[in-house]
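Student: The structure that follows is given in the form of structure tokens.
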Amino acid sequence: MAARSPASLSYRTTGSTCLHPLSQLLGIPLDQVNFVACQLLALSAAFWFRIYLRPGKASPEVRHTLATILGIYFVVFCFGWYAVHLFVLVLMCYGVMVTASVSNIHRPLMIVTQKITTLAFQVHDGLGRKAEDLSAEQHRLAVKVKPSLLEYLSYHLNFMSVIAGPCNNFKDYVAFIEGRHIHMKLLEVNWKERGFQSLPEPSPTGAVIQKLCITLMSLLLFLTLSKSFPVTFLIDDWFVHKANFLSRLWYLYVVMQAAKPKYYFAWTLADAVHNAAGFGFSGIDADGNSCWDLLSNLNIWKIETATSFKMYLENWNIQTSTWLKCVCYERVPWYPTVLTFLLSALWHGVYPGYYFTFLTGVPVTLAARAVRNNYRHHFLASKARKVAYDVVTWAVTQLAVSYTAAPFVMLAVEPTISLYKSMFFFLHILCLLIILLLPVKPRQPQRQSQSPNSVKKKAD
């Protein structure tokens, strides 16, 4: 059988083929072109939705209905007949309102999995548990009335999040559709003390423009860096057999840096789509500026300057971390860190590289926690020592993340083993030694009566 040409491979898609000429012109796979086209259409639809279907002009039922219809159209455009699987899954789970397990083939299924399980637990908290057994955050998000079918479909299939997410809470989404979303956040501020006689009307335009600029920069960086430093470089003969250890560390860091802008692009664009529709307002900061980061999936500055593995994870794929906390970390009675990493691997799919990454993440997390608990306080006495500590921990964190995440982008077993062998499994061995040799300081138990901010812990 003759080998397929790259053009024929890029043509393969279950969705629309009307953009195939553009795909060939740009040399980008058709499914990726369809994805970007849908997100740009969603951005345009979001502005229209906010201006012409705002709560004062359209009823919640109309807003729910049109958001759902547009979402279904985008899914069919991107995935064609495969969209039927998504619709069947959503409808099957409505009747029983239980968690579901799906095959990770397309991102919409991953997002729907998050939303189905999030809503299931929040309904369970509202209807099946006593208030005194809930944390402050669980109590705030508990759903005490079963959603209508229209609300349920709109929450899962709305055009803003059905393609690229992020996951959000049902009560926040319904408040947005009903026009209560922004007012709820504004009422947390005493505006009379600031000289206002009525509530201001924050506009998302500035936030959307800023996020679109980040999106464009991320796209340009990805298109240039990924070609200069492809992931395949990590299994190149020179890298594996000829480069010295420090060169391997450096190139590992550079290659993984080159792989990140595509995530920055997709997640920031998805955030901009929600903000353009008027969803994502999180309140007013100390300087009186409007914040539109309720649904942000990453904080690029904190990622690139992270001085601990925990800090990095807290600012990467934020909404997925929140979902894992909601459905696993704060609910399992034993080994929450291990089980949360395992659930994350299962949710991502069946590629072995995912499991290498998340299982490597367990000892790295535990070792990083042990080092921080045993040594950090020694460096806080003076500013110079604190700066030195931050510089060293920044470098170690960036290298540890690159080492841990490499299998995630390599996917298969053979290249992962080849990479780790070439680096002598050094981080695995170092983390195990740290865990075995350093004393473990017990954590203070959390109280149910704590505030939402104090109970908002990550899978660290």
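The values are calculated or read from the model by the stated rules, or taken from the named source; none is laboratory data. Note that the structure is a prediction, hence the values are computed from the model and not measured. All Cβ positions, even for glycine, are placed from backbone atoms using ideal geometry, and neighbour counts span all protein chains on display. Quick note on the areas: whole protein, heavy atoms, side chains included, nothing else; ligands and nucleic acids left out. Shrake-Rupley method; radii C 1.70, N 1.55, O 1.52, S 1.80 Å.
Student: Considering only region 260-281, I want to know if a residue exists there that is more than 16 Å from the chain's Cα centre (by Cα), on the phi < 0 side of the Ramachandran plot and open to solvent by 20 Å² or more (accessible area, probe 1.4 Å).
Tutor: No, that holds for no residue.
Student: Checking ALA368 against (1) modelled with pLDDT of 95 or more; (2) of a type in the set (A, V, I, L, M, F, W, C); (3) over 30 Å from ALA120 (Cβ atoms): exactly one of these is not met. Which one?
Tutor: (1)
Student: While we're here: From the set of residues in region 9-35 that are open to solvent by 30 Å² or more (accessible area, probe 1.4 Å), touching a residue at least 12 places away in the same chain (Cβ under 8 Å) and assigned to a helix (DSSP H, G or I), which is nearest to SER148 (Cα to Cα)?
Tutor: Checked region 9-35; the qualifying residue nearest to SER148 (Cα to Cα) is PHE35.
Student: With LEU153, LEU157, LEU149, LEU127 as the choices, which residue is within 19 Å of the chain's Cα centre (by Cα) and more than 17 Å from CYS328 (Cα to Cα)?
Tutor: LEU157
Student: Follow-up question, since we're still on this one. Looking only at region 292-304, decide whether some residue is at pLDDT below 95 and over 15 Å from the mean Cα position of the chain (by Cα).
Tutor: No, region 292-304 contains no residue that is at pLDDT below 95 and over 15 Å from the mean Cα position of the chain (by Cα).
Student: Taking LEU433 and the conditions (1) in a helix (DSSP H, G or I); (2) surrounded by fewer than 16 Cβ atoms within 10 Å (Cβ to Cβ); (3) in contact (Cβ under 8 Å) with a residue 40 or more places away in the chain, which numbered condition does it fall short on, given that it satisfies the others?
Tutor: Answer for LEU433: the failing condition is (3).
Student: Take the residues in region 134-184 that are surrounded by fewer than 17 Cβ atoms within 10 Å (Cβ to Cβ) and either hydroxyl-bearing (Ser, Thr, Tyr) or free of Cβ contacts under 8 Å to residues at least 24 places away in the same chain (or both), then tell me which one is nearest to LEU53 (Cα to Cα).
Tutor: That would be ARG180.
Student: Also, quick follow-up: Output the residue which, of all residues in region 78-129 that are in contact with a helix residue (DSSP H, G or I) (Cβ under 6 Å, 6 or more places away or on another chain), assigned to a helix (DSSP H, G or I) and open to solvent by 30 Å² or more (accessible area, probe 1.4 Å), is modelled with the highest pLDDT.
Tutor: The extreme case among them is PHE121.
Student: Kindly indicate the residue of region 53-77 that is among the hydroxyl-bearing types (Ser, Thr, Tyr) and part of a helix (DSSP H, G or I) and also most open to solvent (accessible area, probe 1.4 Å) among those meeting that condition. First the steps, then the outcome.
Tutor: Of region 53-77, the ones among the hydroxyl-bearing types (Ser, Thr, Tyr) are 59, 65, 68, 73.
Now narrow it down to the ones that are part of a helix (DSSP H, G or I): 65, 68, 73.
Details: THR65: 54, THR68: 14, TYR73: 125 Å².
Result: TYR73.
Student: May I ask you to say which residue of PHE233, PHE239, PHE222 is open to solvent by 50 Å² or more (accessible area, probe 1.4 Å) and over 21 Å from the mean Cα position of the chain (by Cα)?
Tutor: Residue meeting the stated conditions: PHE233.
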